[in-house]
Amino acid sequence: MIETKALSPSLGVEVTGVADLLDDALISRCVEALKWRGVLLVRGLHLDDEAQLAFSRRLGEVVTLGGSEIFRVSLDPSVNPAAEYLKGTFHWHLDGTTDEVPIKATMLTARHVAMVGGGTEFASTYAAYENLSEQDRKQYEDLRVVHSFEAAQRLLHPEPTEKQLAAWRTQRPQEVPLVWKRRDGRRSLVIGATADHIVGMEPGESRALLDELVTWSTQERFRYTHDWQIDDLVMWDNTGILHRALPYDPSSERKLHRTTIVGEEALV
């Protein structure tokens, strides 16, 4: 029998009693859980890549990166050639903020875990927005933010080389609303490591506000920390859930397999 249990007061749900991952009733429960709780956890399923893909496809179209629908999350360059860029995931972020239509959801399964560290933290920008004062909501309502890959990479390399800058700038920045007003009426904040500056605001004031909003959104009451166990499946609503990896030894064998679901709603 399928049962659910909250992972924290503001977000997250663990699903237990799963016998068939492709069961229609389970898929419906997962879709609802993602919408209203943001993060979904299922343990002990022992999924291989094909099973993970089959489940992912029931939730939407799967993104293909570098010719593969499975992305291997590892800091070992022999496993993932983009390992250096993955160090940026140690900062709070949303994926796809420089795309017109951001990623809808992300799924990770744990194949190897770090002995120390390596957890993943999640924070709900839906809950963060809902708990703002009415005055703050009005202040932020029409603000727009420029997001860029460069902004995130500068957190790792504050004094980049010309070669680094050229590589980062192949991904064009995008101007988006600070408050994402959804078709269904819900609202969330579009913030995180890729947020470079608020349009029309003095740089120092802009930086201070963006940092303040990340601090507000990631406070304990809006946050859930996941300590990985082998075979864990964790999926989250990328459009409103900030996330970051917690530090771990790059020489550890930590490896997660990721599938990503194509977005459905433009950032307007």
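Derivation of every value follows stated rules applied to the coordinates shown; laboratory data play no part. What you see is a predicted model; the values in this text were computed from it and never measured. Positions of Cβ are generated from backbone atoms using ideal geometry, with glycine treated the same way; all protein chains shown enter the neighbour counts.
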Listed residues Leu143, Ala114, Phe90: farthest to the positive end of the dipole of the range 83-160 (Cβ charges) | Ala114
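Restricting to DSSP H runs of at least four residues, report the calculated mean residue ellipticity at 222 nm for the chain, -39500 (n - 2.57) per run over all residues, nearest 500 deg cm²/dmol.
On the way: 8 runs with 70 residues, N = 268.
For the chain, the value works out to -7500 deg cm²/dmol.
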In what sequence, highest mean first, do 239-246, 98-105 appear when ranked by Cβ atoms within 10 angstrom?
-> 239-246, 98-105
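Calculate, for His157 and Leu65, the FRET efficiency according to 1/(1 + (r/R0)^6) with r their C-beta to C-beta distance and R0 25 Å; round to the nearest 0.05. Could the numbers behind the result be given before it?
Details: r = 23 Å, r/R0 = 0.91.
Once the sixth-power term is evaluated, E becomes 0.65.
What FRET efficiency do you get for Glu3 and Leu143 if R0 is 45 Å and r is their Cβ-Cβ distance, rounded to the nearest 0.05? Spell out each step's value before the answer.
Working: r = 42 Å, r/R0 = 0.92.
Efficiency computed from Cβ-Cβ geometry: 0.60.
Subtract the Cα-Cα distance of Thr170 and Asn131 from 0.36 nm times their separation in residues, and report this length gain in nm to one decimal. Working shown, then result.
On the way: separation 39, 0.36 × 39 = 14.04 nm, distance 3.70 nm.
Gain on extension, Thr170 to Asn131, equals 10.3 nm.
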Number of Lys pairs in the range 3-261 closer than 15 Å at Cα, excluding neighbours under 8 places apart unless interchain, is 4
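By Kyte-Doolittle mean hydropathy of at least -1.0 and Cα axial length of at least 18 Å, which whole DSSP H helices of the chain are selected? Walk me through the numbers on the way to the answer.
On the way: long enough: 24-37 (19 Å, 0.06); 203-217 (21 Å, -0.19).
For the chain, where a helix must reach 18 Å along its axis and average at least -1.0, the hits are 24-37, 203-217.
Normalised by the number of residues in the chain, what is the relative contact order in percent for Cα pairs under 8 Å and 6+ residues apart?
Details: 547 pairs, mean separation 98.0, N = 268.
Normalised by residue count, the contact order of the chain is 37 percent.
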Using the alpha carbon gyration tensor of the chain, what are the three equivalent-ellipsoid semi-axes (square root of 5 times each eigenvalue), largest first, in whole Å?
-> 29, 23, 17
Order of 216-224, 200-208, 41-49 by packing, highest average Cβ count within 10 Å first?
-> 216-224, 41-49, 200-208
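Which value, in debye to the nearest 20, gives the size of the charge dipole of the chain about its Cα centre, when Lys and Arg are +1 and Asp and Glu are -1 at the Cβ?
On the way: 30 positive and 41 negative charges, 30 e Å.
Approximately 140 debye in magnitude.
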